[in-house]
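Here is the structure we will look at.
FYI, it's all coordinate maths here, none of it is from the lab. Everything numeric in this text was worked out from a predicted model, so none of it was measured. Counting neighbours? That spans all protein chains shown, and the Cβs are built from the backbone with ideal geometry, glycine included.
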Amino acid sequence: MNIHKIKFSGKILERGFWLYLWQVKSKNKVAWYIGRTGDSSSPNAASPFSRLSQHLDLRENSKSNTLVKNLRIQGFNPSECEFHLCSIGPLFPEQNTFEEHKPFRDIVGLLEAELAYYVRSTGNVVIGTHPKRGNYDNNLFSEIKEIVAKFINS
């Protein structure tokens, strides 16, 4: 019989625009996955906890488990991995309409792209696809980069 424990702050349940970074270890392999909340096709901006459960759905026909799919492509067996998650946010609150949602989605998308680039530039393997890099909020990214640098080096 195995025992597994999870401890987290209830703040991770808040809906809104978040960035998150997974470190995934399996035997002698390490991969990083960067994502965000804030749908591209609706005004929804879920919590990182909600995305956590979707990302780790092991069913082959799951539509939202991009982390698991990318791990499998890299030769990882997700049920044999160790997962570490760093969630940053909410950067912005969830919006009421899709028109209000889109500017925040785009801001966070650029931050996601820059974060993936930054993590790769530190010599780490980043899996998955990310938005195209562009003009991002440098002040906000500086804060994010500081948090992520500590996470990467912990």
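Using a/c under 1.5 as the rounded threshold, could you call the range 1-69 rounded, prolate or oblate? The axes a ≥ b ≥ c are square roots of the C-alpha gyration tensor eigenvalues, and prolate needs a/b larger than b/c, oblate otherwise. Prolate, since a/c reaches 1.5 and a/b exceeds b/c. Note on the chain: with a GNM built from Cα contacts shorter than 10 Å, the maximum mean-square fluctuation among Ile107, Ile73, Ile144 falls on Ile73. Sparse packing (at most 15 other Cβ atoms within 10 Å of the Cβ) combined with a DSSP loop state is found for the following trypsin sites (Lys or Arg not before Pro) in the range 99-136: Lys132, Arg133. Distant-in-sequence amide contacts of Trp18, defined by a placed amide H-H separation under 5 Å and a gap of 5 or more residues or a different chain, comprise Thr37, Leu91. Checking the Cα-Cα distances for Lys27/Lys69; Lys25/Lys150; Lys5/Lys25; Lys5/Lys29 against a 20 Å cut-off, the pairs over it are Lys5/Lys29. With no solvent and one point per C-alpha, what does the Debye sum give as log10 I(q)/I(0) for the range 32-109 at q = 0.11, 0.23, 0.27 Å⁻¹? Ignoring solvent entirely, the Cα scatterers give -0.33, -1.09, -1.30.
Taking the Cα centre of the range 17-152 as origin, sum charge times position over the Cβ atoms of Lys and Arg (+1) and Asp and Glu (-1), and report the length of that vector in debye to the nearest 20.
Its charge dipole is roughly 580 debye.
Expected output is a single nm value to one decimal: the length gained when fully extending between Arg120 and Ile6, i.e. 0.36 nm times separation in residues minus the C-alpha distance. What is it?
Extending this stretch completely gives an extra 38.2 nm.
Applying the criteria of a DSSP loop state and at most 12 other Cβ atoms within 10 Å to the trypsin sites (Lys or Arg not before Pro) of the range 1-80 yields Lys5, Lys7, Lys27, Arg59, Lys63. Within a straight-line Cα-Cα reach of under 19 Å, Lys7 can be paired with the following aspartates and glutamates, leaving aside sequence neighbours fewer than 8 residues apart in one chain: Glu82. Each Cα pair under 8 Å and six or more residues apart adds its sequence gap; the mean of these over the residue count of the chain is a relative contact order of 29 percent. From the Cα gyration tensor of the range 17-152, with a ≥ b ≥ c the square roots of its eigenvalues, which class applies: rounded if a/c is under 1.5, or else prolate if a/b is larger than b/c, or else oblate? Oblate, since a/c reaches 1.5 and b/c is not below a/b. The distance linking the range 18-80 with the range 98-154 is 16 Å (Cα centroid to Cα centroid, whole angstrom).
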